[in-house]
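Read through the structure below, which is laid out as C-alpha cells, and then see the notes.
The values are calculated or read from the model by the stated rules, or taken from the named source; none is laboratory data. Keep in mind the model is a prediction, meaning the values are calculated, not measured. A quick note on method: Cβ atoms are made from the backbone with ideal geometry, for glycine too, and the neighbour counts reach across all protein chains shown. Accessible surface is based on the protein model in full, side chains and every heavy atom, while ligands, DNA and RNA are left aside. Shrake-Rupley method; radii C 1.70, N 1.55, O 1.52, S 1.80 Å.
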Amino acid sequence: MALTVVYAADTGHVVGALALTGASTGVGSGAPPEVADLVGTALPLRVSLGDGRMATLPLSARELAVASVDDEPAALAEPLAFGVEVTTDGKPKPALVRLASWPDNIALATDGLTLTVKVAVARPTPVVALVSDEQNTHVLAGEIPAQQTQVTLPVTLVAGSEHGVLVLAAGWAGQLRTEKVT
C-alpha cells in the first residue's frame with residue numbers, strides 16, 4: 001500500500017489523499033499517477049452552508065500536483081493539516097510536513113477577505129483563497145508580507161451573505177469552512 005497525495009502546487013497544501021494498491025500506484029518507480037487521472041479537470045472541495053445548501057470550491061487540475069509519499073494515516077482524515085515540501089530541483093520530498101495550526105482568524109467583509117496568522121512570517125508567504133458566490137467561485141491570490149501577520153485579498157461581496165471559503169497560506173494548515181460577510 002502507498003499513500004498518494006494531491007497538493008496545491010503554489011502552497012504545498014495536501015488537498016486530497018488516497019491509499020492506493022496494485023501495479024498502477026507507481027510504488028518503486030517513483031512515478032505517481034497524473035493529476036487528471038485522479039481529479040479530472042478540477043478537484044471539488046465542498047462545505048455546507050446550512051439548510052441543505054452546499055458550496056463547491058473547485059481547485060483546477062492545472063494548479064495541482066501529485067506525489068507518492070511515506071505512509072501518514074492522519075493525512076487521509078485531515079489532508080489540509082499537511083503539506084508537501086519540494087527539493088531544490090522541484091521534486092516532492094517523501095515525508096509530509098504537519099502544518100502549523102492557526103486560530104479562526106478569517107474575516108469576510110464586503111470588500112475583501114482578511115486572514116491573520118499567529119506569528120509574523122519570516123519571508124513573503126503565498127496565499128490562495130477560494131470564495132463561493134452563487135454560481136461562481138472567486139479565486140484570490142496574494143501574500144503575507146515578510147515580518148507581518150495579515151493580508152487582505154480584495155473581493156466584492158454582499159453584506160450578510162454566507163460563502164464557502166478555502167484558505168491556503170503556505171506553512172499554515174488550510175482552512176475550509178463557511179463564513180458570513182460582515
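Just a few scattered comments:
- Only one of the numbered conditions (1) more than 18 Å from the chain's Cα centre (by Cα); (2) open to solvent by less than 30 Å² (accessible area, probe 1.4 Å) is violated by Ala67, and that is (1).
- Verdict on Glu162 being in contact (Cβ under 8 Å) with a residue 40 or more places away in the chain, farther than 16 Å from Trp102 by Cβ and acidic (Asp, Glu): yes
- Here the condition is being within 30 Å of Asp70 (Cα to Cα) and in contact with a Ser or Thr (Cβ under 8 Å, 6 or more places away or on another chain); of Leu99, Leu130, Leu166, Leu108, it holds for Leu130 alone.
- Per-region count, the stretch 106-124, residues within 16 Å of the chain's Cα centre (by Cα) and surrounded by fewer than 19 Cβ atoms within 10 Å (Cβ to Cβ): 1
- Residue within the stretch 142-156 that is touching a helix residue (DSSP H, G or I) at 6+ places or on another chain (Cβ under 9 Å) and either among the polar types (S, T, N, Q) or modelled with pLDDT of 95 or more (or both) present: no
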